[in-house]
Every structure is written in structure tokens, then in C-alpha cells.
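**Q** Got a structure here, written out as C-alpha cells. Questions coming.
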Amino acid sequence: MTTQQPTVIRPPRPPLQQADDLLGRMNLAEKAGLLFHPMIGIGPGGTLAPADPDAGLLAAEDLVLHRRINHVNLVGVAAPADLARWHNQLQDLAASTRLGVPVTVSTDPRHARSANPNTAALAGAFSTWPEPLGLAATVDPELVWRHADTIRREYLAVGIRAALHPQADVATDPRWPRVLGTFGENPELVSRLTVAYLSGLQGPTLGPDSVAALVKHFPGGGPVRTGEDPHFRYGAEQAYPGGRLAAHLAPFVAAVRAGAAQVMLGYGLPVGTELPPVAFAFNHEVVTGLLREQLGFTGVICADWGVLTDACFRGPRPARAWGVEHLEPAQRLRTALHAGVDQFGGEARPDLVVDLVRSGQVTEDRIDESARRVLHDKLQLGLFEHRYVDPEYAAQVVGGPPARAAGLAAQRACVTLLRQAPPDSPARLPLAPGLRVYAEGPLRAALGGRWTVVSDPRQADVAVLRLAAPYERRPGPVEAYFHAGPLEFPPGAVDRVLAIAAAVPTVVDVYLDRPAVLTPLADRVGTLLVSFGVEDTALVDVLAGEPAPTGRLPVDLPASQRAVLAGQPDAPFDDPAPLFRYGHGLTY
């Protein structure tokens, strides 16, 4: 008779131990592949797209099978089931490699109406929410948590496991084209909302139900000296004449304490400080000194897209290697590795890593440090055990009724009433039933469900108009998408609006992607509102008082461009007399 031996149940090994085991079985080329995070497209019907050199996109087979890369940044939109099918085909490719390391799929934000493909994707089938600046206007960490939790559930359904957000920058220069993606001008509010966002994406700890958050753009992208964007050399310099670097670091301090999995470095280079005047990805004092040693961050540090080569930008654009432009890509890579960077966004050059190690310029131990961190996140996310998703489930979850309803409710909550018309004016909110309303464009259809829409202002009791904040149109395939330049409306831009307002009581809503100068409108229209990526139907609900507006300005609104130019780019709330102050917002 044999005696049955008791089953020995061994607890699972900690992710770091598993990472070390896997790292010990990797060759140098496989380790090098972990350090790159290029963009990738999606083909029709969820197929693997071929290479698109004009867009800087390589084929999946080339990335996964030949370059041993297993992090990709998905660009483009598709139906949820197609996204899931594409993801599964990508994982099939990864499973066929020697060690079967799964692919981590990431994305820029894709839950709003922003149209800059260099910074975000259109929502498409995903639920549509306000832009982050609009979330800040709600001043509601619980709402921000629900937003991020919805993102988490929709991303998980299609296989996206890393978010190239939130943007934890403090918007201290109102001219900056990226203000829309921030939580505003108050470092304390930005910190609170960043932590709420992280909690919604990652949960209490990074695990199989998490989406890893990549918080950006360290050490804070707001204090741009010229008000431009560091995607371009003319916007590269970040200045701190007010001595307020700590204000920009505050949200990142909060994010590290809250367990942010990853951090993205900004493109900018510091000027007029004790820090070396080179871009942050090449800046040892910033990456290792500030982020690793002072803040104690132990996760993955990723360079923003395209700091080594120009491969990920349309057209002949230089790499964003400000301050080290004279270096060849291999030497930029060596400098960034020395600074402490783990991963390189928008790049697919593991061959450069192999060459640096084989030539003795970088040790393999240094590559192991970064590879271990990257593998640790994959293991914590459970990608090895749960690498596939269900297309049918994705079609049910993504953009489903509960998510869409929550997104619309958030849009309504961000609408901010700056000026209310007098009590006897038809333009006073809420708009009374039975009014004849003049409107233009798609807004007409949304208003028509509640009021009588007329085509001539002279026939109307009230006019409702929507405007966009002013910006300077730029040429070029990248510059054209960045709304930059003066914040005042150019001459004649609002003359037609003011003519209508002179003829009939008028409600004006301005889409604020930057803190526009609204001085020409403030005293000459009946009711003035601002919003932050709000659909017509959501705005119309607020006009009807369902609900009343509750938003609060997340930034100061300047009275003039002269006041903007007199400000310090790093200092919050340094305008002594803004047209509307941070926190302003009326209701009824």
C-alpha cells in the first residue's frame, strides 16, 4: 500500500523575484527590447497594420519578432471588438517568441473630444468626458476617481494596460498649448486630483485589474519661458524666475507617495537654475537626483516620445533632444541611460543598446536595472497569466450606457457660469420655456428639442452662441495641432458675436482649451459661460437648468495679453487683477 504524499502548496513568488528569474534567462537583445516603447497602428477590422513610414509606424511583426520589443503605444481608433481582436493577435506574436514575454499596450488619453493626435486620441467608441481642465472645474476628487475607474474598465476590456496619463503639470503659463490636459493652476488641487486619478486607474496596488499610470511631465511642464510647447525648439526652455519649482513638483510628490507605477519626463530644458541646461531626459540631476533620490521613486522612468531620433514624428522633425542636439542617437541614448532613464517612448532602436554594451560604453548591469523594473510592472499587471481579452465583452463594456451617462454628467458638472444676465433678460439662465432661440451650426439641433429655433436673430427672443478660445494658426503637420500664441481674440474675430448681442439678448459659451482673454465679451453679452470639451446636448441641459451650472474656474482668466506677458511663467496666481479669478463660478 502506498501512502499519498500531501500536496505542497508553494506561495507565488514575489514579482521582483520572478523578474530576476526571467531576466536571468534573457539575452542582451531581449533585454534591450524592453527599453523601447514605440507607436503602432491598427489595421481594418482589428488586423495587424503594415508599416507606415510616413507616420513613423513599424509593423507589429518587425517590432515583436525582430526587435524583441514588447511595449507599444497604440495610435488610431477602432471599434472595441476590433481593438480586442488586434490586441489578441499581437499577444499571439509575443507568445511565439523564445520567452513569450507579453506585450504591454499603452495609449494617450482617449476619453475626451481633444483633436491633437500628438497628445490624445478622439474618444470614438469610448465614453466621452470633459477634458482634464474640465474635471478640475468640478473640484470633485470623487468624480475624477469615477472617471479614471471608467477608463480602467474600458481599457481592460480591449487590452490596454498602460495609460500615458494623467498630466500632473501645473498650468502656470496660460499661453501653454497643453493647459487643457492639466488639472489647472492650483498645485494643491492638481495634487489631489492626480491622486484620485491614480487611484481610479491602478486601484490600491498595481495588480491584474489595474491599468499602470504613467504620470507626466516631470518635473512639471507648465513653466515654459515663451508660452510655447517643448515639442518645438522655440518652446524648449523652462524658466523659474519666481523660484517656484517646488509648486510644480508638488503633484509628482503626491503621485509617488500614492504609488504611481511610472513617470514620464518632460521635453523641456531648465534655464536660469542650478540644474544643467539640457532636456530632462538627459539630465542626471533631474532624473536620478530629484526623482529617484529626493522623491524616492522606484518605478519605471520613461522619456517622452522621440528624444533619440525623429522616427515618431511626421515629416523631417528633429529629435526632441534639446541641449544635446549635437550628439548622435547612440550618444544621446548613453547620456539618457546615465541620467537614469529606463524606457524610451516613440523609439525602436534596441540595436543601439546592444552596440553600447558590446563596445563597453554601457554595462549590461545598467541595462538589467531598467529591464528589471519594466518586467516587474508586467508581472504585477498579471500579463503573463491573463494576456488575452474577449472581443464580445469589449463590445459590451466600452462606451456602454452607464459609462456614457457618467461622462455626460461630468460634462454638465464642468460648465462654469461667469456672468449671469439681469433678472428681466431672456438670456438669464435657466432659459424660459417657449423662447424663440437663434443659434448656428450643430447646436441648432440640440436646442430644437427644448425651444423654437429660428434662423434670423431679428426673429429671436434670445441667441445662444458657442465660441472657441483664440489661438494662432501654425503651419506644419505637428505645429498645426498645437493651439498657441496670443490669448486675445484677433481684431474682428468677435465683431459678429457682438453685433448679434447688440440686437438680441445673447448667451455665449466659450470652449476654453487655454485661459482666453474674454474682456471683449464680458460686459457686452447677456450671459457668459465657459466649458471644457462639452457636447451640445450637455450644454443645452445646463441652459435649461437640468442641472444648474456648478463649475468653478480652475485657472485665472487674464484681462489682457499685456497682463499675461507681465507674469512669471512658474508662478501660480501672480496676476494681480485677472478678469475672473480662480474658483469663480455662479449658479442659481
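The values are calculated or read from the model by the stated rules, or taken from the named source; none is laboratory data. This is a predicted model, so every value here is computed, not measured. Every residue, glycine among them, receives a Cβ derived from its backbone with ideal geometry; neighbour counts consider all protein chains shown. Accessible surface areas use protein heavy atoms only, side chains included; no ligands, DNA or RNA. Shrake-Rupley method; radii C 1.70, N 1.55, O 1.52, S 1.80 Å.
Residues are listed down the side, and each one gets a yes or a no for (1) open to solvent by less than 10 Å² (accessible area, probe 1.4 Å); (2) within 23 Å of residue 577 (Cα to Cα); (3) modelled with pLDDT under 95; (4) of a type in the set (Lys, Arg):
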site: 503; (1), (2), (3), (4): no, no, no, no
site: 510; (1), (2), (3), (4): yes, yes, no, no
site: 518; (1), (2), (3), (4): yes, yes, no, no
site: 521; (1), (2), (3), (4): yes, yes, no, no
site: 528; (1), (2), (3), (4): yes, yes, no, no
site: 543; (1), (2), (3), (4): yes, no, no, no
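**Q** A follow-up question, please. Name the single residue that is farthest from residue 289 (Cα to Cα) among those in region 324-348 being in a loop (DSSP other than H, G, I, E, B) and within 25 Å of the chain's Cα centre (by Cα).
**A** 348
**Q** Any chance region 224-238 includes a residue that's closer than 17 Å to residue 188 by Cα, among the aliphatic types (A, V, I, L, M) and at pLDDT 95 or above?
**A** no
**Q** Please name all residue pairs, on different chains or six or more residues apart, with Cβ atoms under 9 Å, provided the first residue is in region 346-367 and is closer than 15 Å to residue 23 by Cβ and open to solvent by less than 20 Å² (accessible area, probe 1.4 Å) and the second residue is assigned to a helix (DSSP H, G or I) and of a type outside the set (A, V, I, L, M).
**A** 353/31; 353/33; 367/31
**Q** Of the residues 138, 150, which is β-branched (Val, Ile, Thr) and within 20 Å of residue 530 (Cα to Cα)?
**A** 138
**Q** To continue, here is another question. Would region 430-442 turn up any residue that is assigned to a helix (DSSP H, G or I) and open to solvent by 20 Å² or more (accessible area, probe 1.4 Å)?
**A** Checking region 430-442: not a single residue is assigned to a helix (DSSP H, G or I) and open to solvent by 20 Å² or more (accessible area, probe 1.4 Å).
**Q** Pick out the one residue from 156, 180, 143 that is in a helix (DSSP H, G or I) and crowded, with 22+ Cβ neighbours inside 10 Å.
**A** 180
**Q** Please work out which residue is nearest to residue 544 (Cα to Cα), limiting yourself to region 443-460 and to residues that are touching a strand residue (DSSP E or B) at 6+ places or on another chain (Cβ under 9 Å) and part of a helix (DSSP H, G or I).
**A** The extreme case among them is 447.
**Q** Given the structure, is residue 64 touching a residue at least 12 places away in the same chain (Cβ under 8 Å), in contact with a strand residue (DSSP E or B) (Cβ under 6 Å, 6 or more places away or on another chain) and either hydrophobic (A, V, I, L, M, F, W, C) or open to solvent by 30 Å² or more (accessible area, probe 1.4 Å) (or both)?
**A** no
Quick grid of which residues meet (1) surrounded by 16 or more Cβ atoms within 10 Å (Cβ to Cβ); (2) modelled with pLDDT under 95; (3) touching a strand residue (DSSP E or B) at 6+ places or on another chain (Cβ under 9 Å):
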residue: 16; (1), (2), (3): no, yes, no
residue: 19; (1), (2), (3): yes, yes, no
residue: 29; (1), (2), (3): no, no, no
residue: 33; (1), (2), (3): yes, no, yes
residue: 59; (1), (2), (3): yes, no, yes
residue: 75; (1), (2), (3): yes, yes, yes
